[in-house]
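Below is one structure, written out as structure tokens; the observations come after it.
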């Protein structure tokens, strides 16, 4: 009952939560119109089609096919369901599960005498062993598949086996041998007029030339492969070759060409609904944007690729995205974020390692139990084989000891690497801290000089001018001549303007409200002074600022607001300004919004003195600055400052 309940719930989630494609919709619509055997076949088809949309949904359809085939005693359907689910597990990187399902399918196909099906499974098992790095086992299974196809005289599949054997040799480092087998496969496919297969062989030959370092030859074969695959309009294969070409052009520094190729690959994956391929393409695009230092574009691609990889449980893409995002933050000196995503990557990798290690332990235990039973039987049959058994045990112990030593050495290397990475991170942090201290010292020096000049203006020049004005007024009272008196009064008004201007400059350089009363009164004063009489309406809200903030934070925020207000008056053409400053969770948040004409931040971020001043002030108080703006759409500035 529990299994049935899970299946029902999952079925509902598929129907309501997934964006399928016309092919899957068409297949699913036939489920209620056919007999049980045909329903099994349709469920297997859905498992196959959903492998790129949602691995969980694909496995659900496979389990439904398996249960239905078992209930109606349809072994061929069971074998097909195991086969299709094994392919899904390959896509998820769960290779031990894939092998388990392929072996179950193999047992059924052997009973049925389905030699073609057995050859297909040997082929897939070889691919799994290849992905696990067990290359000798991979080669053994691929050769077994080749022998069966040669007996059946199925030239099409002989070509595919030769192709897979070539890939194993490539992974073994036998590049010349790999090329030999790839060209054999290519000849078979040319004889069969298998255009799709020819395109695959040409692409694989290009892969070998990449390994050899001959990128010119690789590009030639990739382009030939792409031309042939466009003839058969195989979107998946075309997208692979586009990605291969994009990677080479990116390595060569031809970023524009690389971006065009990777964009086309991504578009094809999106049309297919291949979410694994979409995730992989987005991560490659993100890495390309990083090479160009286009961090916003890189972030969009990488975070979307990571989200899709998590949704469909594709661990390899998820780890690749996490590592590339960590690299992105490191390049932008966001060391906390870089460290965080590096930890996510390590945790994910460790989780995968632990799963595989657990499975290996189970396999070793089963193998050990089997050997033990066989030894007991052998002892009962032949006492004279005791010596040979002891030798075998000794070899096993030596092998396990060697494995243990290798594991310890590997762990030591890993610990040493981690320690060096931590030392490097500490050095980088020290460099950043030194730079921040220098910046803080410069800003503090500027502010101290502002205070000194403000005091001199107010207490020295301002007082002197006030004294001159009083003496001037006394002098003007002694003149009876109306003409001269009017001139003196006019000059007295000019002295008033000078006194007012000096006081205004002194106030702007170091307002008395900031020193005496704190940040909020100082902000109200500067807003009234700046926007009063300009026709610009403004609002100011504060929350949680009952107590005084640290002096560097108050002064830094005040200078930032002065600069932002100055920019709005000079450049924005705004009619309305909203300013909010909040104290939340030991953090100060400042938001400044205007309805002006906005600007292209990427064009002016390196040239505007005001923007650079704001950025320096924010960095000095360890804040985070963000602009949301576009031409004709106003501007929102957000600053977050930890206390």
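Count of segment 246-299 residues, restricted to those that are farther than 23 Å from residue 91 by Cα and in a helix (DSSP H, G or I), is 21. Give the residue, chosen from 549, 591, 545, 643, that is buried (at least 17 other Cβ atoms within 10 Å of the Cβ) and touching a residue at least 12 places away in the same chain (Cβ under 8 Å). On inspection, the qualifying residue turns out to be 549. Please work out if residue 302 is closer than 26 Å to residue 601 by Cα and assigned to a helix (DSSP H, G or I). It is true that residue 302 is closer than 26 Å to residue 601 by Cα and assigned to a helix (DSSP H, G or I). Considering 102, 5, 52, 95, the condition of being within 27 Å of residue 141 (Cβ to Cβ) and modelled with pLDDT under 80 is satisfied by 52 alone.
Inspect segment 618-626 for any residue being in contact (Cβ under 8 Å) with a residue 60 or more places away in the chain and over 30 Å from the mean Cα position of the chain (by Cα) and give the result as yes or no. Checking segment 618-626: not a single residue is in contact (Cβ under 8 Å) with a residue 60 or more places away in the chain and over 30 Å from the mean Cα position of the chain (by Cα).
Per-residue answers, yes or no, for (1) surrounded by fewer than 17 Cβ atoms within 10 Å (Cβ to Cβ); (2) outside any loop (DSSP other than H, G, I, E, B); (3) over 29 Å from the mean Cα position of the chain (by Cα):
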position: 553; (1), (2), (3): no, yes, yes
position: 556; (1), (2), (3): no, yes, yes
position: 560; (1), (2), (3): no, yes, yes
position: 568; (1), (2), (3): no, yes, yes
position: 597; (1), (2), (3): yes, no, yes
position: 639; (1), (2), (3): no, yes, no
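Here residue 256 passes the criteria (1) over 20 Å from the mean Cα position of the chain (by Cα); (2) surrounded by 15 or more Cβ atoms within 10 Å (Cβ to Cβ); (3) farther than 27 Å from residue 180 by Cβ except the one numbered (2). Against the list (1) more than 28 Å from residue 93 (Cβ to Cβ); (2) touching a residue at least 12 places away in the same chain (Cβ under 8 Å), the condition residue 214 fails is (2). The number of residues in segment 197-245 that are more than 22 Å from residue 274 (Cα to Cα) and not in a helix (DSSP H, G or I) comes to 2. Against the criterion of being surrounded by fewer than 13 Cβ atoms within 10 Å (Cβ to Cβ) and at pLDDT 80 or above, residue 619 does not qualify.
The values are calculated or read from the model by the stated rules, or taken from the named source; none is laboratory data. What you are looking at is a predicted structure, and each value in this text was computed from that prediction instead of being measured. All Cβ positions, glycine included, derive from the backbone under ideal geometry; neighbour counts span all protein chains shown.
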